[in-house]
């Protein structure tokens, strides 16, 4: 018996080991298969979502052009104190050598002059043509003194501002875009100061974006909550019909919905014509309802409303009517029962709807572009402006990075206050 | 079963790739992508350039619309996958794109001489041929009003546009510092020759913005060229700045009661450029030579009221293709329209657009 145990034990053990290994390899295989199945999705996410975001974040600080274009001047300016007058003759000579090398360096060199001039022009308006003009003449400047020669080409070479800009931007990474996003910049001595008042714009736009997003969220709650309540409490057949009325605009193109507001709110639009016909507004001085902040708020509230209604509705559907009945039978009047018993249970839905609407509103672009006019445009419209018109992609990236950080921050705050796990998306 | 599925899949994928690649080469040999501003303008180019070009060479043209600016060209060139062969751009973008190496250089010797035998470099108006760009038309920013909305006096000068006491009502303006600052200064009495000198000083910029302050609360801002005729037709505005061809289209083709005020017009060029690394550069060059010859340059002007850039084409401008009206008085370059005209200074704008647009945006936000 003892012998049998002894002889049997190794096989049992080896069987068990075998089984374990096989089990492990089987689970590993199924895990690998599962991973392979999801791999296309993961790769797609990585390529279309994560990589572009990282690239954008990187672009907001990446600034290699000046260092690449004028490396000698960058070295010569390293120890220059911008507060103490013009740089030395060596810096002038180095810059001439750099520009001459680029100018004679074929099409790549010439393109680099153009990019260098444009880059510097973002910091020092008006220097673009100074650079291109100087670069054209640089190969002909064979001997010093280069200082006088450059100042003769353009008087801006006799002012420290342009040199300070070259010195500051010769580092491969920069925070100037983030400073500019907050209406700040470096002065000639290298300290951070506010932009002159007539060039301050971004703080106003950030505050406006927050204000409009907050207001739209609030309006969506006020309008969406009763609708969701109605949908959740009506008999199935009626509520299904009403749900379609909520979803139909939701499925309609954003552009169509925005332009229909132009038809409704325009100066000769449906609303004002009707009011004029009723004699409520004059024919000449009608209120301006579109192409301003009012238009943006109305159109955005309408477009984002389903994002509020649907989460609230799905939460309300899950609330048993017995709670309200219990509250009533225990003596609460309808208002108190609603406030004490019903409302708290709908908070996760309201929270989910609010965060969804608020985040979408922060990044809203097409609607404010079409109906925003003078004072109804948001930060995204400025990001688009710098992407498409001024081609200052680094700056657009910095604005985008701040927007992203803001949204993530709000999400974090929401998680702390309400808890993401309490959020119900429907 | 499993194997046969894999084999089929591989075979199908291979076939698909084969199909794609043959499709690709077939496309490359026989078509180019030409990008322009859309609307009536692109239509005029299709009629005057694309259709005759296809008829003559058999090369098909894919026409795409865009909204101006170099963003797409820059993105395509930097990503190394250029899909546009030819783009119609504004002058400041042509110069900047060339400076930054985003555009191919164009050898002007490919351009045919004028019909009267003048070599191309003399036949093109001065300042219309560039290292990377060949101009095709002259267009202009003007302002227009709806005459059915006015009784009595009508606006005649650029100053009237900024005078809401004399002509109460909303104004439409392009949401850009260019060229409303120039127009504001001309309205304030600055001679067209002094406009850019004035704008180069802080006092001059302040002066321009002060003029804009007068009408700020009455302005509706537009961005796309199709918007201003629409705003006029809807009665949203009494007068609006606009591209002259768009208003012409509304006047003549759609029979709208619009009137153009030419005083203080700011004229500019549209040019052909080839993005660096364009897939069909040779064909694009062929198209540039074809579309800017005397005959096509003049033919374009019978579809929309943008002026030809070739001197030899100017006398050939005749009547509108659809309505038969005489096109000459509708051209920005017609002598009676050209009396107080300002050429957009691309060098000034290339230098100052960031600063002035920033200030313009700050002014708007206040």
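What to note about this one:
- Out of B:165, B:170, B:217, sole residue that is in the same structural domain as residue B:354 (by TED's automatic domain parsing) and touching a residue at least 12 places away in the same chain (Cβ under 8 Å): B:170
- Those helices (runs of 4 or more DSSP H) of the stretch A:308-390 in which 2 or more residues are buried (at least 20 other Cβ atoms within 10 Å of the Cβ) and in contact with a helix residue (DSSP H, G or I) (Cβ under 8 Å, 6 or more places away or on another chain) occupy A:343-362, A:366-371, A:379-388.
- Scan of the stretch B:240-289 for residues that are assigned to a helix (DSSP H, G or I) and under 18 Å from residue B:104 (Cα atoms), ordered by number: B:281, B:282, B:283, B:284, B:285, B:286, B:287, B:288, B:289
- Of all residues in the stretch A:187-202, those that are on the phi > 0 side of the Ramachandran plot have Cβ atoms under 8 Å from Cβ atoms of residues that are surrounded by fewer than 18 Cβ atoms within 10 Å (Cβ to Cβ) and at pLDDT below 90, 6 or more apart or on another chain, in A:190/A:83.
- For the criterion of being farther than 25 Å from residue A:294 by Cβ, under 15 Å from the mean Cα position of the chain (by Cα) and more than 10 Å from every other protein chain (Cβ to nearest Cβ), residue A:361 fails.
- Selection from the stretch A:271-294 of residues that are touching a helix residue (DSSP H, G or I) at 6+ places or on another chain (Cβ under 9 Å) and over 26 Å from residue A:378 (Cβ atoms): A:280, A:281, A:282, A:283
- Selection of first residues in the stretch A:372-383 that are under 8 Å from residue A:205 (Cβ atoms) and of second residues that are in a loop (DSSP other than H, G, I, E, B), restricted to Cβ pairs under 6 Å at least 6 apart or on distinct chains, gives the following pairs, ordered by first then second residue: A:378/A:364.
- Selection within the stretch B:226-237 - in contact with a helix residue (DSSP H, G or I) (Cβ under 8 Å, 6 or more places away or on another chain) and either surrounded by fewer than 21 Cβ atoms within 10 Å (Cβ to Cβ) or assigned to a strand (DSSP E or B) (or both): B:226, B:233, B:235
- Test result for residue A:205, in a helix (DSSP H, G or I), surrounded by 14 or more Cβ atoms within 10 Å (Cβ to Cβ) and within 14 Å of another protein chain (Cβ to nearest Cβ): yes
- Residue in the stretch B:313-321 that is closer than 16 Å to residue B:137 by Cβ, modelled with pLDDT of 95 or more and not in a helix (DSSP H, G or I) present: no
- Some residue of the stretch B:328-339 being surrounded by fewer than 18 Cβ atoms within 10 Å (Cβ to Cβ), touching a residue at least 24 places away in the same chain (Cβ under 8 Å) and within 14 Å of chain A (Cβ to nearest Cβ): no
- Every condition in (1) at positive phi; (2) modelled with pLDDT of 85 or more holds for residue B:39 except the one numbered (2).
- Number of residues in the stretch A:72-123 that are on the phi > 0 side of the Ramachandran plot and either in a helix (DSSP H, G or I) or under 39 Å from the mean Cα position of the chain (by Cα) (or both): the value is 1.
- Comparison of B:297, B:280 shows that the only residue that is in contact (Cβ under 8 Å) with a residue 40 or more places away in the chain, under 24 Å from residue B:39 (Cβ atoms) and in contact with a strand residue (DSSP E or B) (Cβ under 8 Å, 6 or more places away or on another chain) is B:297.
- Within the set A:236, A:200, the sole residue that is over 29 Å from residue A:298 (Cα atoms) and either in contact with a helix residue (DSSP H, G or I) (Cβ under 9 Å, 6 or more places away or on another chain) or not assigned by TED's automatic domain parsing to the domain that holds residue A:122 (or both) turns out to be A:236.
- Residue in the stretch B:138-160 that is surrounded by 15 or more Cβ atoms within 10 Å (Cβ to Cβ), without any contact (Cβ under 8 Å) to a residue 60 or more places away in the chain, in contact with a helix residue (DSSP H, G or I) (Cβ under 9 Å, 6 or more places away or on another chain) and outside any helix (DSSP H, G or I) present: no
- Filter result for residue A:395 (part of a helix (DSSP H, G or I), over 26 Å from residue A:290 (Cβ atoms), at pLDDT 90 or above and within 14 Å of chain B (Cβ to nearest Cβ)): yes
- Residue list for the stretch A:112-136, filter: within 7 Å of another protein chain (Cβ to nearest Cβ) and more than 21 Å from residue A:396 (Cβ to Cβ): A:126, A:129, A:132
- Some residue of the stretch B:276-296 being away from chain A (no Cβ under 14 Å) and within 30 Å of residue B:187 (Cβ to Cβ): no
- Any hit, the stretch A:155-164, residues being surrounded by fewer than 18 Cβ atoms within 10 Å (Cβ to Cβ) and farther than 20 Å from residue A:74 by Cα: yes
- For the stretch B:175-215, the set of residues classified as surrounded by 15 or more Cβ atoms within 10 Å (Cβ to Cβ) and facing chain A (nearest Cβ under 10 Å) consists of B:175, B:176, B:205, B:209, listed by residue number.
- So residue A:100, is it touching a helix residue (DSSP H, G or I) at 6+ places or on another chain (Cβ under 9 Å) and within 29 Å of residue B:357 (Cα to Cα): no
- Residues of the stretch B:162-193 that are modelled with pLDDT under 95, part of a helix (DSSP H, G or I) and under 21 Å from residue B:222 (Cα atoms): B:177, B:178, B:179.
- If you go through the stretch B:340-356 and pick out every residue that is at the interface with chain A (Cβ under 10 Å from one of its Cβ atoms), surrounded by fewer than 19 Cβ atoms within 10 Å (Cβ to Cβ) and in contact (Cβ under 8 Å) with a residue 12 or more places away in the chain, you end up with 1.
- Residues within the stretch A:106-122 that are closer than 15 Å to residue A:167 by Cα and either in contact with a strand residue (DSSP E or B) (Cβ under 8 Å, 6 or more places away or on another chain) or without any contact (Cβ under 8 Å) to a residue 60 or more places away in the chain (or both), tallied: 5
- Residue pairs whose Cβ atoms lie under 6 Å apart, sitting 6 or more positions apart in sequence or on different chains, and linking a residue in the stretch B:77-106 that is within 9 Å of chain A (Cβ to nearest Cβ) to a partner that is part of a loop (DSSP other than H, G, I, E, B) and surrounded by fewer than 21 Cβ atoms within 10 Å (Cβ to Cβ), are B:98/B:131; B:105/B:131.
- Residue check for residue A:210: away from every other protein chain (no Cβ under 14 Å), under 30 Å from residue A:351 (Cα atoms) and buried (at least 16 other Cβ atoms within 10 Å of the Cβ): yes
The values are calculated or read from the model by the stated rules, or taken from the named source; none is laboratory data. Please read all numbers here as calculations on a predicted model, not as lab measurements. All Cβ positions, glycine included, derive from the backbone under ideal geometry; neighbour counts span all protein chains shown.
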